[in-house]
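See structure below.
The values are calculated or read from the model by the stated rules, or taken from the named source; none is laboratory data. Keep in mind that this is a model prediction, so the values were computed, not measured. Heads up, the Cβs are rebuilt from the backbone with ideal geometry, glycines too, and the neighbour counts pull from every protein chain shown. Quick note on the areas: whole protein, heavy atoms, side chains included, nothing else; ligands and nucleic acids left out. Shrake-Rupley method; radii C 1.70, N 1.55, O 1.52, S 1.80 Å.
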Amino acid sequence: MLSAFAAVVTAAAVVAATVAGIAVLRRQPDPSSAHWSTTLPVLGGSEPQVHAWNRFHARYYPMTLVLVAFEMEMMFMYPWAVVFAELGVKALVEMGVFLALLSLGVLYAWREGALRWQ
Amino acid sequence: MLTDLLPRLARHAPVPVCLARGLAATGVTTRLRADPDVRLVASPRQATVLVIAGAVPRAARDAVLRVHDQVPAPRGVAVVGDQSLVEWLDLGDVPVLPADDPVPGLRRLHEQLLAGAGGSPSRGPADNPVEWSGVGPHGQGGEGMMGGKPYGRPMAMPPQEGRDGLALDRLPLVFGPFLPALPAAVQLEVGLQGDVLEEVRVVPLDLDAGVVGSSRPLSSAAGRYLAAVAELCAVAGLDALACRAARVALDPAPEALADLRRRLRRRGGLRQATDGVGRLPDGRDATDRWHRWLDLAAAAAAGEHAGHDRVDPRELGPALVGLELGHALVTLSSLRLELEDAVAAPLGAGA
Amino acid sequence: MIEVAGAAHPLVAAVVVSAVLGVGAYAVAALETGIGARVAGHPLGVTASLRAPLAQAALLLARPAVVTERPDGPLWVLAPALYAALAATALSVLPLATDFAVADVRTGIVVFGSAEVLAMVAVYLHGWAPNSPLPLVGAYRFIASGCSFLLLSMFVLIAAALPAESMSFGRIMASQQEGLWNVLRQPLGLPLFAVVALGVSFFGPLDFSDGHELAGGTAAEVSGPPALAWGWARRAMLATYAIASAVVFLAGPSGPWLPGPLWLALKALAIAAALVWLRHTVGRVQIDRFVLVAWTVLLPLAFLHLAIAGVVTLA
Amino acid sequence: MTGVVVDVAFWIFAVASAWFGWRVFRTDSMVRATFSLLASFAGVGAIMVLLLVEYVGVALFFMMGVEMVVMAIYMVAFMMNPAGINPMQMLHQRRVATAVGVAVAGALAAVAVAADLPEAPLVAPADTIRALGHELMGGSMLLMQTVGVTLATTMVAAVVLSSARGRFGPADDGSRPPPLDPDEQVEAEPAQAAARGDGHGHGGHG
């Protein structure tokens, strides 16, 4: 029974190993390429004053929170989809109400401008 | 066997070229863009050959050498124009390619590299010249997590106002002058918070010290407009259309020009990338600007000379504040001609 | 745990998945060259289009890889490997013939969705690892787009599961053998899923993370073999999505006369060609506009799509 | 698959999960910490699948994927020194934390040893997903709708709390940044405060 997942994992692992193998392939570096100057980040000719790794302001952060809440609910929808045809109109109405509730959340977020870059 | 096969196969690939363009390099840029045997790449990391073209401001010497070093070694270097660039940059034995037919020389250089030639040695310092300061082994530490200069660079600091966690670090960065989206001889100095510009200055390079190299713009006025459209297409991710536009720019025959205009003006084409982007105080967005270029190209091809405005880069800064970095770069790209002419004005030559 | 199309032996699985991804990515790259040359106005022959990806790969293998000043090395290698592994995972739950899938598990669309979610991690790491500003901006843009198209893909796949009464791709395919193809029963699905396909593999108009204006975005600091790994992985992902579109909307491997895998290949190739054509003709959308449109236009469309699918299923 | 293979797989995932959980606190990089946590959860998801709770296991990948990506965004946004290029200490209140950790682990282990766990081998359930669907649409329908209301409220609350700008303009209009110390006056120098690095509060993740 678990053989299906064993197949998925094996396939993914083999592909990952191949790609990682290509990604670590390195030609014998030219001695001159060991220079510090070759390692500067690409900025089109200028030198950075600070590291790129700093507090990064993701301008869409309220949207990610809306997504997290929305996506929780999606977990109910998968089993719902499986029994939908059996239950018929009841399931349709049921999910309609559920989605309408969540749409209110998205509508509110949109109205407050939370889907824009802050 | 494999070691033999790889270079043989690789030779069929187009030459990935990183272009460091000075002023009035439209001729070379467009020829390289139009040739399927060459691929103008976005980043020096993706190139085998660095091409230096046009009239490069003396102030950009360090920048050229930094881009030079960022091309992975073994790297090829070629200069388009004249020997003065080679001497100024002290590049040693570097081919000077003719501006009207640069591709065969590039191809030769590329194949020599694949065959195992050494390429141009790195020019920058071998070690980080920035002082590592702090108490730890990597120059870190001293005063809490933000102290010291880890790996030679200080931590970015949040802007002065506010401390309640939402005023996040502002990265002081200078982009250019050799970023593909930027017009020649222009740098973008920004305070970047996330991907939004909180602080912008568009700074033309200082031309007081003069320029090196010869300027070889396209001979036809229509060609210049189309070349700018081609560059904008490339920035918007439409490299194939950019190639087509560049070919028309080299030979702006009326039918070809009309066909290109039809293709570009379709809804959902290039407009997807430019509609509503970079609206300046005059009310025009990027789409209006390249539409105007197309109109001017058509007019020039018909023998009329309407000419375009100049935009002073220094006045552009406030209009870009608050834009996303990509928007800002597309905006600058949609002002390529206007900005380049304003920058080159002190030189007296209509670039 | 297994539905109609069965499960393969792990070794067979590894071989089949590697082969399909390899050929698929190659086909996408060849289409890119061929269609690109046509759009550029200097059409190439089939041989030249087929040779171009090989030559490009050989060139990248022959070039050195660079490092940046202070990168996160392991994560930099992990990113393309993870991304390719996710393409492999997504592919392995799809039926490749009417009676064969690497693993036609009952939770097929959830596994597929998980791969899509984790792709955000892979692209983020690819932009984070080099410690360079432009790749970092690219990475954050991808997350913005990913958080926006994720729900679309979930709704589209759930809608496809309604008539199948199962979350397995095998059943979704089978439900179309009996009835109409989903492309007719659920007409909004294919365009919505195409948005997801372009988004996940950051391709063409939705190439937010690796665009030319950011000097290559997350790939701005990659050269040589790692660049090959990354370029291959994202084309493999696009190929996987083309196959998934063919399975979900065009009944995948089922069809008369020809053998199943051939049908699947033809349908997937047609979809891939359409996506590549979009890549060459539609300019990159602005990221903030995409996020807004995805939530305010495409998401309601996905609701509508689900409602249509539900009513049609019950009818 | 035979029992031995499942056992081996279980131990691999279990050990990997624990190891990644440990790595979360051993690395200086917030990104590594976040995605180590994701890897740890992924191990748990894989164990769920091994226990034949297929849907929950796979859904765990899905949920944790989104959650950890969002968490990474917030970690990098709010942590000073998010990449750990300045080494730092991830642990707070070491002694208390160790004591609590050991006590909890011991208690859980005791429960595991003392509990009277069933020994019957696992059998694949007929169709749990379908059963779950029926449950949601039947007996637990009220529960599901309650969850719907809760999540909608969550969305509204999240937007209210996080959005820097509402439809009436910037959220902080007219507000003043709080003083650094309660007794200190408002005009403190913020840059200094940041440099001091007081309170590198990364207590809230997980």
* Asked: If you check C:41, C:45, which single one turns out to be surrounded by fewer than 22 Cβ atoms within 10 Å (Cβ to Cβ) and at the interface with another protein chain (Cβ under 7 Å from one of its Cβ atoms)?
  -> C:41
* Asked: Filter segment B:74-98 for residues that are small (Gly, Ala, Ser) and open to solvent by 10 Å² or more (accessible area, probe 1.4 Å); which is nearest to the other protein chains (Cβ to nearest Cβ)?
  -> B:92
* Which residues, counting only those in segment D:1-38, are among the aliphatic types (A, V, I, L, M) and either closer than 23 Å to residue D:92 by Cα or in contact (Cβ under 8 Å) with a residue 24 or more places away in the chain (or both)? -> D:6, D:9, D:14, D:16, D:18, D:24, D:30, D:31, D:33, D:37, D:38
* Among (1) open to solvent by 10 Å² or more (accessible area, probe 1.4 Å); (2) within 13 Å of another protein chain (Cβ to nearest Cβ); (3) part of a helix (DSSP H, G or I), the one test that residue C:274 misses -> (2)
* To do: Return yes or no: is residue B:340 at pLDDT below 90, open to solvent by 10 Å² or more (accessible area, probe 1.4 Å), out of contact with any Ser or Thr (no Cβ under 8 Å at 6 or more places or on another chain) and within 22 Å of residue B:235 (Cα to Cα)?
  => yes
* To do: Looking for whichever is away from chain B (no Cβ under 14 Å), under 30 Å from residue D:84 (Cβ atoms) and open to solvent by 10 Å² or more (accessible area, probe 1.4 Å) here; the options are A:14, A:24, A:19. Which one fits?
  => A:24
* Output the residue which, of all residues in segment B:45-62 that are open to solvent by less than 10 Å² (accessible area, probe 1.4 Å) and in a helix (DSSP H, G or I), is farthest from residue B:109 (Cα to Cα). => B:60
* To do: Residue by residue through segment B:223-268, note down the ones that are away from chain C (no Cβ under 12 Å) and not in a helix (DSSP H, G or I).
  => B:252, B:253
* **Residues that are more than 20 Å from residue C:289 (Cα to Cα) and in contact (Cβ under 8 Å) with a residue 60 or more places away in the chain, drawn from segment B:265-298** => B:290, B:293, B:294, B:296, B:297, B:298
* Please specify each residue of segment B:172-183 satisfying the condition of being aliphatic (A, V, I, L, M) and in contact with a Gly (Cβ under 6 Å, 6 or more places away or on another chain). => B:179, B:182
* Asked: For the subset of segment B:10-24 comprising residues that are open to solvent by less than 10 Å² (accessible area, probe 1.4 Å) and facing another protein chain (nearest Cβ under 8 Å), which member is nearest to residue A:44 (Cα to Cα)?
  -> B:20
* To do: Would you mind stating whether residue D:72 is within 10 Å of chain A (Cβ to nearest Cβ), surrounded by fewer than 20 Cβ atoms within 10 Å (Cβ to Cβ), in contact (Cβ under 8 Å) with a residue 40 or more places away in the chain and not β-branched (Val, Ile, Thr)?
  => no
* How many residues are farther than 20 Å from residue B:258 by Cβ, part of a helix (DSSP H, G or I) and open to solvent by less than 40 Å² (accessible area, probe 1.4 Å) when one looks only at segment B:269-288? -> 3
* Scanning segment D:86-101 for residues that are of a type outside the set (S, T, N, Q) and free of Cβ contacts under 8 Å to residues at least 24 places away in the same chain, which turns out nearest to the other protein chains (Cβ to nearest Cβ)? -> D:94
* What tally of residues in segment B:184-222 results from selecting those that are outside any strand (DSSP E or B), touching a helix residue (DSSP H, G or I) at 6+ places or on another chain (Cβ under 7 Å) and not small (Gly, Ala, Ser)? -> 7
* To do: Restrict the check to segment A:98-116 and report whether at least one residue is facing another protein chain (nearest Cβ under 7 Å), assigned to a helix (DSSP H, G or I) and closer than 28 Å to residue C:221 by Cα.
  => no
* For segment B:251-262, what are the residues that are over 25 Å from the mean Cα position of the chain (by Cα) and under 26 Å from residue C:286 (Cα atoms)? -> B:262
* Consider residue C:206 carefully, then state whether it is surrounded by fewer than 24 Cβ atoms within 10 Å (Cβ to Cβ), at pLDDT 90 or above, of a type in the set (A, V, I, L, M) and under 19 Å from residue C:154 (Cβ atoms). => no
* To do: State all residues of segment C:277-310 that are aromatic (Phe, Trp, Tyr) and either open to solvent by less than 10 Å² (accessible area, probe 1.4 Å) or over 18 Å from the mean Cα position of the chain (by Cα) (or both); if no residue qualifies, say none.
  => C:290, C:295, C:303
* Asked: How many residues are crowded, with 24+ Cβ neighbours inside 10 Å and either in contact with a Cys (Cβ under 6 Å, 6 or more places away or on another chain) or at the interface with another protein chain (Cβ under 7 Å from one of its Cβ atoms) (or both) when one looks only at segment C:49-64?
  -> 2
* Could you please tell me which pairs satisfy a Cβ distance under 6 Å, a separation of 6+ or placement on different chains, a first residue in segment B:225-239 that is under 12 Å from residue B:271 (Cβ atoms), and a second residue that is among the basic types (Lys, Arg) and modelled with pLDDT under 95? => B:236/C:284
* Asked: Residue check, residue A:59 against (1) part of a helix (DSSP H, G or I); (2) open to solvent by 10 Å² or more (accessible area, probe 1.4 Å); (3) closer than 26 Å to residue C:141 by Cβ, all met but one. Which one?
  -> (1)
* To do: Exactly one condition in (1) touching a residue at least 24 places away in the same chain (Cβ under 8 Å); (2) open to solvent by 50 Å² or more (accessible area, probe 1.4 Å); (3) out of contact with any helix residue (DSSP H, G or I) (no Cβ under 7 Å at 6 or more places or on another chain) is not met by residue B:113; state its number.
  => (2)
* Is at least one residue of segment A:31-44 free of Cβ contacts under 8 Å to residues at least 24 places away in the same chain, part of a loop (DSSP other than H, G, I, E, B) and more than 14 Å from chain B (Cβ to nearest Cβ)? -> no
* Please enumerate the residues belonging to segment B:99-110 that are open to solvent by 20 Å² or more (accessible area, probe 1.4 Å) and not in a helix (DSSP H, G or I). => B:100, B:101
* Considering every residue within segment B:24-31, establish whether at least one is in a loop (DSSP other than H, G, I, E, B) and touching a Gly at 6+ places or on another chain (Cβ under 7 Å). => yes
* in a helix (DSSP H, G or I), under 23 Å from residue C:146 (Cα atoms) and either more than 7 Å from every other protein chain (Cβ to nearest Cβ) or not basic (Lys, Arg) (or both) - does that describe any residue in segment A:78-89? -> yes
* To do: Considering only segment C:65-93, state which residues are closer than 14 Å to residue C:122 by Cα, of a type in the set (A, V, I, L, M, F, W, C) and within 14 Å of chain B (Cβ to nearest Cβ).
  => C:76
